[in-house]
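Notes to accompany the following structure.
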Amino acid sequence: MIGATVRVKGDSSTGSITNVEGKFTISTSPKSVLIISFVGMKTQEVKASTSPIKIVLQSASEVLDEVVVTGMQKMDKRLFTGATSKLSADNVKMDGIPDISRALEGRAAGVSVQNVSGTFGTAPKIRVRGATSIYGSSKPLWVVDGVIMDGVADVGADDLSSGDALTLISSAISGLNADDIESFQILKDGSATSIYGAKAMAGVIVITTKKGKSGTNKISYTGEISMRLRPNYRDYNIMNSQEQMSVLRELDNNGLLGFANVFRASDSGVYGKMYHLINSYSPKTGFGLPNTDEARIAYLQQAEYRNTDWFKLLFNNSISQNHAISFSTGTDKASYYTSLSIMNDPGWTIQNKVQRYTGNINALYNLSKKVSLNLIANSAYRKQQAPGTLSSRTDVVAGTVSREFDINPYSFALNTSRTLASDEFYIRNYSPFNIIHELENNNITLNSIDLRFQGELKYKPTPKIELSALGAYKYSISTNTHRITEYSNQAMAYRAMGDATIREYNKFLYTDPDVTNSLPISVLPKGGFYYENKYTMSSWDFRATASYNDAFLDDKHIVNLFGGIEVNSLERLRSGFDGVGLQYGMGMLPSIDYRYFKQAAEKNEDYFYVRETRSRDASFFGTATYSYKRRYTINGTVRYEGSNKLGKSRSARWLPTWNISGAWNMHEENWFDKLSPALSNLTLKASYSLTADRGPASVSNSSVIIKSTNPWRPFTSVKESALDIDYLENSELTYEKKHELNIGAEIGFLKNRINLEIDWYRRNNFDLIGPINTPGVGGVITKYANVASMRSHGIEFTLSTRNIRTKSFQWSTDFIFSKTKNTVTQLNNNRSIISMLTGSGFTMEGYPVRSLFSLKFDGLNKQGLPTVINEKGEKTVQDVWFQSRDMKHLIYEGPTDPTITGSLANVFSYKRFKLNVFLTYSFGNVIRLDRAFSSWYSDLDAMPREFKNRWTKAGDENITHVPVIPDRRLRSQYTNLYRGYNAYNLSDVRVAKGDFIRMKEISLSYDFPKKWIAPAKVSSLSLKLQATNLFLIYADKKLNGQDPEFFNTGGVAIPVPRQFTLTLRVGI
Amino acid sequence: MFSACDSFLDTIPDNRAELNTEEKITALITSAYPNKSPKMIMQYASDNVLDLGHNYSSSLIPEEAYLWKDITGTGNDDPRYIWQAHYSAIANANQALEAIENYPEPDKLKAQRAEALMCRAYGHYVLSTLFCKAYNKETADKDFGLPYASKPETQVLVNYKRGSMKELYDNIHKDIEAALPDIDDAIYSVPKYHFNQKAAYAFAARFNLFHTQADKSNYQRAIQYADKALGTSPAALLRNFEQYLPLGAFDISRKYVQASEPANFFIQPIYSTSARRVSRYPYHRDIMSNELYWALGPWGTSGSKQFLYWARKLYSFGEGIRFPKADEFWEEAGYAHIVTVPFTADETLLVRAEAKVMLDKYDEATTDLQLWYHSHCAPEYRDSKGVVRQLPELTREKINTFFGSLEYAPVVSMVDGGKDRTIKKKLHPQGFSVSEGEQENFIHCILHFRRLETLFEGQRWIDIKRYGIEVGHNRKNEEAEILKVDDPRRAFQLPIDVIEAGIEANPR
């Protein structure tokens, strides 16, 4: 424990303070008695001794953690003036959730964690005190054992919810074994993060991994077995097959499912199958289905009662396992911690599997009393499987986001008619399609390796001075292989040309412009695809620091000085190719048609690519703390940072950041005793700081960016490569910056039985990257420059109470609350309305940084068609121009990031049992509902039950908002009806509140008594049963079972499941 | 320590190129060609289309262009994209010019310098055809020009002045003159997509034809440059229309834009939806029959089986009719890919003919017009009665009698079916004069040939401006919209973002 006061009883002139390692020396008579005191601890008296003595202080009550780990230095918490939360991994670790970043949900005030996808490797959207940038990612900095962790790919905040394959590698810390973690320290305000200066605008999360402790010898084993529940149609509002069939019959009666429409349709289900059977004849079995009314009715009746449970077919209740074993040992001379872990997840869906292996060594060797060496090596390998997916695209004209060949099992189950049989093939993209077969033949394998090696040498010439040098090297590689076999629907779509009509309409066929009178042909006559994308990152860090700690004049004055330099280098390489024509069934033999490449060349598509980025940072930093009698503390930090991203000119490249802060520990005042015991602890803090960040990765035009490009040319014979200015030079480019004022208090009541930590802050973000319109004469009208700004403020508190403390029964409660509100104060929004209406929305001046807007729904018209108010302010069915930039007629719905987040944790322990009930909550955001409505439905689609209330006859428009299913007449009358229905999907009736209260965790654990286990040479044994993500206590009814945190964007995104985990912990 | 850090921080953050070799500088100029064009706006502003009324649909840009309103519609063809694409092409040229200046041996890059100057001139020229009034030497020092971008922009916000039309055209002229001697086809791997010799001279000829001078020296230069482009046997360069007769629309459209076609001097791939059907404002039969391919011309009346080759390969296009010379290749992510041919032998020949007429060289002009006439018309055809009809000869006299006796078309067609339309419209030349009689007759002939030659390309709008032709745009059940000679709307309004950023707007 650092900073404990050591005095000699009866001698006020002699004293000492424990250092960072908790050690002290004092010169006094061996007979004297030492008084050791520390706030929150019981003061102890010990007899002095000439040999080293070990003193363990007893906690006076439940106290606050005594050390703040900034990743650069450890500080006595009483001297720390910033806003921070420390979490011990034991308390927050959520068993059965291998990605530890998810465990932070609701655990620290001011930190919001949104599980936008539950797929392993996908980072949750983490915000420390909300967004800090408009275009930048606002992602907090992860620091593990003093080293900044960067992801193998740079995935922006809005892309986290895209469902694209890249999200699988968006988490920078997915290679960390949760059992290796000792603690988290979350640095929130500018004062706490200022030592990271121009990197830390969005907060810092410092992870400390476990180390061997001197005097221990321990083997620990943790085994987790988890079972997830399948999603269930009960929870969703999807039509069963009877209901669905009645809608299909209506479509049929309206002439929409007749033979002519369906037989050659690109997508068809039960009706299409029926027509194909009627139309098929084999000499052996005759017609697939007789062309009689009876046969048809019988066939459709079969479908009517099928009630296929896609969730049951596509999801497993399988058991996932995680085993971790660690050795920890230590003496005064050296200590070691070693661990291995194996995680095996056979998959919640039939095509999601993960295996992860991690190994970790942390060795500390005291070469002498003055020199110590700490070596850490960390490795992780991951193999993961996911459904095949292409990246999604936004069609700005129609207002839709689409993903070709999407086979995401979750969205498939929600969107596919339950009239279909699971073992039949139906038609998608003019080709046979069966989801189970497709998942087998179209999937992604990810192989990923993360390595980290680091060493730190410390030298202490005197007890007051410490010099340290830290070096680290990190390497990550992730190979993402998308296999699409020749049997998959995706490959067959490239050769579907059953008849002239299909040949004309199949967009995956190719018409050769160089051959006169040619018909569309397939460029993939044989085989499938093999897409590979590879991401590598290698980086090194070096840091040298010096610190000086001293207390003098009877400890009245305490001085801490710390300073150093840091250099980082990071290189990323991204490459990939489209393997075409691979014949999986023929021993992986490629069969290449040159016309595939001809078409690609004509369409200007590269069949392989290589992209490199390099970042270099250098910085100098120093911080000084002075405390008078521990009552009054002031602190100042300066960091001077340079980056290669901001140009060659020194003025732009180097940025000083700083902080000034102070704390007043009132409980150290003499008069404070009078308030005791009602008030046992009271600290007030204030800080003001400037921190920064480099802004979005895409803006790096401190010098002109000239990229190579292949300009589009209509024929391969006239192709040539070119260079092109990608971004004009912006000689004025600089960092995004933030001023922050933080005022906080820590109050302990009743001997700290009740603790309240409260912080209020106001932030002013300026020089943010935003668009600005220029005359355009330089070549670009809208430039991205440091022209935007925003403000935010918030309040957050943690209230911890020890409600009951008896010998056998204890009950404690933690209530965490944070509220943050941001407003963009300066921004020239040049977006089209479509970006305001979809996904996480966007923003404009006076609104939060991610705001969702809607078109105003203006009722159904007399034909049952939905009307909205378009960009011109007119009521319309289909005349909506989604690319318009006129925002006047949009309705503001709210932010898409929650404004209030927090949790309520209750821990009850009775003797050896411990019951943990943990609720999280989140309020203030809005969600766009799934796009359920369309101008055209095929017999593949599942419909929500809302369709039962749809408009069916004149006059219904007065009683319902659910539009008609358009018949042929309506569709020919309104040629852009698809746009009208998308407008309805993007209207204010299709928005729900994102508020929820979630039963995040209930767990019961039992520690076996020592006397039972001692004979087996086991020192500790515990068993824990945990239910995670059990249910939502409150959520908007409009969501119909949809998880408010989850973005159902298809691809590889799946929600966080309900799960039960059994954990066994053994210590030997 | 700082200097050590500074060199560490000089690492380039990504694979951006540095312009330190001849190859890279050459490659940059390949991007000095705009990938957008004002052709969509110009087509619907011209007299080639008409309004079918509310029952037909139109997107915003054609509608606003038809009514000569400020364009607020957005897409590939909006003024903002056009402005940006051209200035961005110019920026690449300027970046290359700067690199050439800093290159150790700039003389090795003379041909590249010439290409970059040509591109810079061309970008400004195209913008002027949309956003400025026609060049009028009487008012050029007062008419609004456009900022002439002559060096790379390195700051976020730079203030520019529009300058006068005279300054703008003098700058273009200066760049063209500096470039012409050094244009060298040897540096191009795909010459037809660059300012090759022929393309450069064709542009120089057209620019000089428009850049009228009091001493008529511009016409001399136009003829001289057209001579260079067309060479000694222009007939060999003119488009052979026979080749399209056996083909369908798809194949014609692909063949029309081939680099191997001798008539194609300069080919430009662009993003534009201009090849799409606009049901409400089509190239309608009424205009086709009375002013375009099927109209009465020196070859007589025309029809689907008659002399004019175009008329034989027309395709219906909703309510309109098209010759498939600029069809869309495909659209991806909102970008409609098409290919245009801004400079052809056929058009350059008409430029030369016009310059000759302005210098009163009627016999020489007749020779050029005859060349054009014979390459665009079949020598004979068999009419519906089986009679073989021979193409009448085009002579100086024929031009005079035919165009001299033709009625002027009314500004607004008042007769159902457009029967009162003709191919002769009243001329109000901007800053120059056309004398009544022979000169005017020849100009009518040339303007009509140009109108047919550049149909679907928007070029007619430029001629309407140069000759101050009044246009009446019919409106179904509403009063026609009329564009007067001195109508300020002849210069389309600048993009609103640009105006807001401080560039003076066109007067309204």
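A short reminder: the numbers here are calculations on the coordinates, not readings from a lab. Worth saying up front: this structure is predicted, and the values here are computed from it rather than measured. For neighbour counting, all protein chains shown are included, and Cβ atoms are generated from backbone atoms with ideal geometry for every residue, glycine included.
Points to keep in mind about this one:
- For segment A:748-787 versus segment B:210-245, the gap between their alpha-carbon centres in whole angstrom: 61
- Footprinting exposure proxy ranking of B:Cys5, B:Cys445, fewest other C-beta atoms within 10 angstrom first, gives B:Cys5, B:Cys445.
- Shape category assigned to segment A:802-844 from the gyration tensor of Cα positions, a/c cut at 1.5: prolate
- Global size of segment A:692-777 as Cα Rg and Dmax, reported in angstrom: 25.0, 85
- Placing +1 on each Lys and Arg Cβ and -1 on each Asp and Glu Cβ, with no other charges, gives chain A a dipole about its Cα centre of roughly 3140 debye.
- Neighbour net charge for A:Ser522 - beta-carbon separation under 11 angstrom, K R +1, D E -1: +3
- Amide hydrogen neighbours beyond the local backbone of B:Thr422, cut-off 5 Å, H modeled: B:Ala409
- The label point for B:Lys161 and the one for A:Ser1019, both projected 7 Å from the Cα toward the Cβ, are 8.5 nm apart.
- Listed by Cβ neighbour count within 10 Å, with the fewest neighbours leading, B:Lys142, B:Lys36 appear as B:Lys142, B:Lys36.
- Scalar couplings 3J(HN,Hα) for segment B:117-124, obtained by applying the Karplus form with A = 6.51, B = -1.76, C = 1.60 to θ = phi - 60°, are 5, 4, 5, 4, 5, 5, x, 5 Hz; x denotes Gly and Pro.
- With contributions of -39500 (n - 2.57) from each DSSP H run of at least four residues, the per-residue ellipticity at 222 nm computed over chain B stands at -12000 deg cm²/dmol.
- Considering only the Cα atoms of segment A:715-871, their convex hull presents on average a projected area of 21.6 nm².
- Other residues with beta-carbon under 14 Å from the beta-carbon of B:Asn20 carry, at +1 per Lys or Arg and -1 per Asp or Glu, a net charge of -3.
- Fraction of the pair-distance distribution of segment A:424-522 above 16 Å, Cα-Cα pairs, percent: 73
- Volume of the convex hull of segment B:378-475 (Cα atoms only), normalised per residue: 144 Å³.
- Cα-based equivalent ellipsoid, segment A:819-958: semi-axes from gyration tensor eigenvalues, Å: 38, 26, 12
- Between A:Ser708 and A:Leu915, the distance separating the two model label sites (each 7 Å from Cα on the Cα→Cβ line) works out to 6.7 nm.
- Under a 5 Å amide H cut-off, with hydrogens placed 1.01 Å from N, B:Ser279 pairs with B:Ser57 among residues at least 5 apart or on other chains.
- Translational diffusion of segment B:125-181, estimated by Stokes-Einstein from the Kirkwood radius over alpha carbon pairs at 37 °C in a medium of 0.692 mPa s, is 267 µm² per second.
- Two-decimal ratio, segment B:1-58, of alpha-carbon radius of gyration to 2.2 N^0.38 Å: 2.44
- Value of Rg/Rh across segment A:411-473 [Cα atoms, Kirkwood radius]: 1.63
- Calculated on the Cα set of segment A:115-159, radius of gyration then Dmax: 11.3, 30 Å.
- Alpha-carbon centroid distance for the pair segment A:631-694 / segment B:58-120, whole angstrom: 51
- Each Cα pair of segment A:992-1035 feeds into the Kirkwood radius, which the Stokes-Einstein equation turns, at 4 °C and 1.567 mPa s, into a diffusion coefficient of 99 µm²/s.
- If you take the alpha carbon atoms of segment B:110-251 and fit the smallest convex hull around them, that volume is 174 Å³ per residue.
- With contacts taken as Cα pairs under 8 Å at a separation of at least 6 residues, chain B carries a relative contact order of 20 percent.
- For chain A, calculated [θ]222 nm from helices alone, where every DSSP H run of n ≥ 4 adds -39500 (n - 2.57): -2500 deg cm²/dmol
- Relative contact order, whole percent, for segment B:387-508 stands at 21, derived from Cα pairs under 8 Å and 6 or more residues apart.
- HN-Hα J in Hz across segment A:150-159 - Karplus 6.51, -1.76, 1.60, θ = phi - 60°, x for Gly and Pro: 10, x, 5, 10, 8, 9, x, 4, 6, 6
- Projected area averaged over orientations for segment A:333-450, convex hull of C-alpha atoms, nm²: 12.1
- Pair-distance distribution P(r) for the protein assembly as shown, from all Cα-Cα distances in 20 Å bins starting at 0: 8, 30, 32, 20, 8, 2, 0 percent.
- For segment B:50-111, alpha-carbon Rg relative to the globular expectation (2.2 N^0.38 Å, N residues): 1.93
- Cα centroid of segment B:446-470 to Cα centroid of segment A:498-546, whole Å: 43
- In chain A, a dipole from Cβ-located charges (positive for Lys and Arg, negative for Asp and Glu) runs towards its positive end, and of A:Thr400, A:Gly455, A:Leu733 it is A:Gly455 whose Cα lies farthest in that direction.
- Å³ per residue enclosed by the Cα convex hull of segment A:143-262: 248
- Normalised contact order of chain A, rounded percent, pairs of Cα under 8 Å and 6 or more residues apart: 12
- Given charges at Cβ of Lys, Arg, Asp, Glu: the protein assembly as shown dipole, positive-most of A:Ala1014, A:Asn710, A:Leu768: A:Ala1014
- Footprinting exposure proxy ranking of A:Val964, A:Val515, fewest other C-beta atoms within 10 angstrom first, gives A:Val515, A:Val964.
- Over segment A:79-181, the reciprocal of the mean inverse Cα-Cα separation, the Kirkwood hydrodynamic radius, stands at 14.4 Å.
- Table column - 3J(HN,Hα) (Hz), segment A:72-77, Karplus curve with 6.51, -1.76, 1.60, x for Gly and Pro: 9, 8, 9, 10, 4, 4
- Share of pairwise Cα-Cα distances greater than 15 Å in segment B:89-133 is 45 percent (whole percent).
- Equivalent ellipsoid of chain B: semi-axes from √(5λ) of the C-alpha gyration tensor, largest first, are 39, 26, 23 Å.
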